[in-house]
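One structure is given below, encoded as structure tokens.
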Amino acid sequence: MNKRINAVLILFMALFFVNSVIFAETRSSCDKKQEKTRKTILFVPIDSRPVTSEQTIKTIALLGYKVLTPPKYYLGTKTYSGNPDGFWNWLYKTTEENQKDIMAVVLSCDSMVYGSLVASRVHDYSNEVIMERVQNFAEYHKRFPKIKVYGYSSIMRTMRWTKSGVEPKIYEKYGDKIFRYTVLLDKRELGLASYKEKLELLKLGVTIPKDYLNDWMEHRDKNFVANKAMMGLAKNGAFTYLAFGRDDNSEFCQTHRESRKLSEYVKEIQLENFQNIAGLDEFGLLLAMRAINEATGEKPTIYVEFNIGVGGNTIPMFSDEPISKTIKDHIQCVGGTEVESPVGADLVLLVNTPEDGKSIEHYQITKKGMQKPEAEKKPELRKNQIKSAEAFVRTVENSLRAGYPTAVGDISHPNGSDDAVMKELRVRNLLFKLRSYAGWNTATNSTGFALCQGLIANKLSVYGRVYLLLVRYIDDWLYQRLVRTVVMKDLEKVGQKYIFDFADKKQVIEQDINELMQAALDICLPPFEFLEDISFFNPWERMFEVGIRFNRFNN
């Protein structure tokens, strides 16, 4: 273990300590005026992952809102589908008890209908059961017509390949072929498929066992029909606002195909209180932000600027559109307006896009094991990355010097920060001068979080802002970018399956993670009081996400 810690220390040697920040402010996140306007928000997350549940809840709570959520054991996990009937019972009961104080209800429709996001992909519910639960949204509105309901639902994702255990079992064997089949199907319908691609489509239709393909498509049809029904309910007022998230997808695939059809239906029924947006995990925070802005009458202005190169035209990994389009949708979602100048803007959102427009994972997991991307292999590409990082950080520094409230969406790589950017921000002592930062999971997750937390940070004390920044730096940089890749490489030697399921190695893996994270904390971040007693765990017993316990503050 000492050798491995030393290896991580060497990885961090280019980093230097920044000056410690001394806080003179209290822990209160709201002034007296805000306290008088506190309201209650009911929130049903999409599942129990820290980012989609706990971190979203705490971000909203920092503004002084009382956030009520169902019992944690109702929430879906990797192996537990969640409790949709329990959610509905909780919602009715909690609404009855808090009617006078409720400002808004923010609901994951996947949780309310299937139990969780994972359950929406693997459930075996009948159409009748699904539609009964969908109808519950209308019944709830009838019973509580004055309660504002903000709902978000997924358009089922289409993955290239995965062994994550959160897809139908057939996907492990035929996922890559199914993905390619739907890419070609989508292109054919759009009139973009070549003759060769049409032949490939026919061949794949024969190669993939019909029973498997039909089962997968029928499963998606249930979700598609349920989403159409929810759109009808939104038209009739059951939802104050409804958003569909195009979960992990690409420029052409089944998710994109279904999204096109739903967009046609929007025009058909002239639905206005609705958006179809790339992304998903960030939606809980986006919708809560919209609810707050509508309640307070605020209409924030946001200036957006991208890194050198392809910039806003970048189509990130796991998305079907340019990131500039997604960010415009995010801004519209929260009730804001994009402006053309940073002067006077409520938030300046700077987005670190890859110069060549190709967002590559630090390490890609394929059937052949973990593969390093080209940028990790070729020195000249690494030099280009450093040049791009330096250009981006200069933009950040100039924005801060001008006094603009500045947020960073770090989307050069999915599933983790751009290490070159983080080193530059740290060396220049800029990390804790930002309003917000996000570099987790997909590009859309990061930009949505950076936007919302940046707007919220404008109303927080230094204490609140630093807390939110620390969580993201610990999760997105230290864990996702640095420690996770080291541990994953070790696990691949033992057995790649442990990356997705710790099984009998849970205790050993989490001990390794804690030791490496402590080493990273000591080198990369100042000795804040937050960090004096901190520990880490993997709530879904896999490498993909980490939980953070600030033990000193009973986190």
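The numbered conditions (1) closer than 26 Å to residue 49 by Cβ; (2) open to solvent by 10 Å² or more (accessible area, probe 1.4 Å); (3) at pLDDT below 95 are all true for residue 414 except (2). The residues of the range 291-321 that are part of a strand (DSSP E or B) and either touching an Asp or Glu at 6+ places or on another chain (Cβ under 9 Å) or open to solvent by 60 Å² or more (accessible area, probe 1.4 Å) (or both), listed by number, are 301, 302, 303, 304, 305.
Every residue in the range 186-202 that is surrounded by 12 or more Cβ atoms within 10 Å (Cβ to Cβ) and basic (Lys, Arg), please. Selection gives 187, 188, 198.
Among the residues of the range 238-257, is there at least one that is farther than 25 Å from residue 52 by Cβ, assigned to a helix (DSSP H, G or I) and open to solvent by 10 Å² or more (accessible area, probe 1.4 Å)?
Within the range 238-257, the subset farther than 25 Å from residue 52 by Cβ is 251-252, 257.
Those still in the list that are assigned to a helix (DSSP H, G or I) too: 257.
Add one more test, that the residue is open to solvent by 10 Å² or more (accessible area, probe 1.4 Å), and what stays is 257.
Checked the range 238-257: at least one residue is farther than 25 Å from residue 52 by Cβ, assigned to a helix (DSSP H, G or I) and open to solvent by 10 Å² or more (accessible area, probe 1.4 Å).
Taken over the range 81-93, the residue count meeting the criterion of being within 27 Å of the chain's Cα centre (by Cα) and more than 18 Å from residue 129 (Cβ to Cβ) is 1. Note on the range 38-64: residues that are of a type in the set (A, V, I, L, M) and either out of contact with any strand residue (DSSP E or B) (no Cβ under 7 Å at 6 or more places or on another chain) or assigned to a loop (DSSP other than H, G, I, E, B) (or both) amount to 4. As for the range 264-278, it holds at least one residue that is more than 30 Å from residue 142 (Cβ to Cβ) and either open to solvent by less than 10 Å² (accessible area, probe 1.4 Å) or assigned to a strand (DSSP E or B) (or both). Here is the figure for the range 64-77: residues that are modelled with pLDDT of 95 or more and open to solvent by less than 20 Å² (accessible area, probe 1.4 Å) total 3.
Hey, can you tell me all the residues within the range 487-520 that are charged (D, E, K, R) and either touching a Pro at 6+ places or on another chain (Cβ under 9 Å) or not in a helix (DSSP H, G or I) (or both)?
Scanning the range 487-520 gives a single hit, 501.
If you take the residues of the range 326-342 that are touching a residue at least 40 places away in the same chain (Cβ under 8 Å) and assigned to a helix (DSSP H, G or I), which of them is most open to solvent (accessible area, probe 1.4 Å)?
Taking the range 326-342 first, the residues touching a residue at least 40 places away in the same chain (Cβ under 8 Å) are 326-327, 329-336, 342.
Then keep just the ones that are assigned to a helix (DSSP H, G or I); that gives 326-327, 329-333.
Details: 326: 1, 327: 4, 329: 16, 330: 1, 331: 3, 332: 104, 333: 1 Å².
Ranking the qualifying residues of the range 326-342, first place goes to 332.
Scanning the range 492-510 for residues that are surrounded by 20 or more Cβ atoms within 10 Å (Cβ to Cβ) and at pLDDT below 95 yields 498, 499, 500. Looking only at the range 221-263, count how many residues are closer than 26 Å to residue 142 by Cα and of a type in the set (D, E, K, R). The qualifying residues number 3.
Once the range 521-532 is narrowed to residues that are modelled with pLDDT under 90 and not in a helix (DSSP H, G or I), the residue that is surrounded by the most Cβ atoms within 10 Å (Cβ to Cβ) is 528. Of the helices (runs of 4 or more DSSP H) contained entirely in the range 118-226, those carrying at least 1 residues that are within 20 Å of residue 261 (Cβ to Cβ) and of a type in the set (D, E, K, R) fall at 170-189.
Name, by its number, the condition in (1) open to solvent by 10 Å² or more (accessible area, probe 1.4 Å); (2) modelled with pLDDT under 95 that does not hold for residue 158. That leaves (1) as the condition not met. Close contacts from the range 427-456, counting a first residue that is open to solvent by 10 Å² or more (accessible area, probe 1.4 Å) and a second that is of a type in the set (Lys, Arg) and part of a helix (DSSP H, G or I), with Cβ to Cβ under 7 Å and a gap of 6+ residues or different chains, come to 435/465. Within the range 535-555, the set of residues being open to solvent by less than 10 Å² (accessible area, probe 1.4 Å) and either without any contact (Cβ under 8 Å) to a residue 40 or more places away in the chain or over 26 Å from residue 502 (Cα atoms) (or both) comprises 538, 550. Taking the range 457-467 as the range and being open to solvent by less than 10 Å² (accessible area, probe 1.4 Å) and more than 19 Å from residue 290 (Cβ to Cβ) as the test, the residues that pass are 464, 466.
Looking at the range 434-446, is at least one residue basic (Lys, Arg) and assigned to a helix (DSSP H, G or I)?
Filtering the range 434-446 for residues basic (Lys, Arg) gives 435.
In the following step, the residues that additionally are assigned to a helix (DSSP H, G or I) were identified as none.
Within the range 434-446 (the criterion being basic (Lys, Arg) and assigned to a helix (DSSP H, G or I)), the answer is no, since none of the residues qualifies.
Within the set 470, 478, 482, the sole residue that is open to solvent by less than 10 Å² (accessible area, probe 1.4 Å), closer than 24 Å to residue 445 by Cα, assigned to a helix (DSSP H, G or I) and without any contact (Cβ under 8 Å) to a residue 60 or more places away in the chain turns out to be 478.
The one condition from (1) crowded, with 21+ Cβ neighbours inside 10 Å; (2) outside any helix (DSSP H, G or I) that residue 230 does not meet is (2). Of all the listed residues (133, 49, 121), the sole one being open to solvent by 10 Å² or more (accessible area, probe 1.4 Å) and at pLDDT below 95 is 121. Tell me, yes or no, whether the range 402-418 has at least one residue that is part of a helix (DSSP H, G or I) and either in contact with a helix residue (DSSP H, G or I) (Cβ under 7 Å, 6 or more places away or on another chain) or among the hydroxyl-bearing types (Ser, Thr, Tyr) (or both). Checked the range 402-418: no residue is part of a helix (DSSP H, G or I) and either in contact with a helix residue (DSSP H, G or I) (Cβ under 7 Å, 6 or more places away or on another chain) or among the hydroxyl-bearing types (Ser, Thr, Tyr) (or both).
The values are calculated or read from the model by the stated rules, or taken from the named source; none is laboratory data. This is a predicted model, so every value here is computed, not measured. Cβ coordinates were reconstructed from backbone atoms using ideal geometry, including for glycine residues, and neighbour counts include every protein chain displayed. We work out accessible area using only protein heavy atoms, side chains counted, and drop any ligands, DNA or RNA first. Shrake-Rupley method; radii C 1.70, N 1.55, O 1.52, S 1.80 Å.
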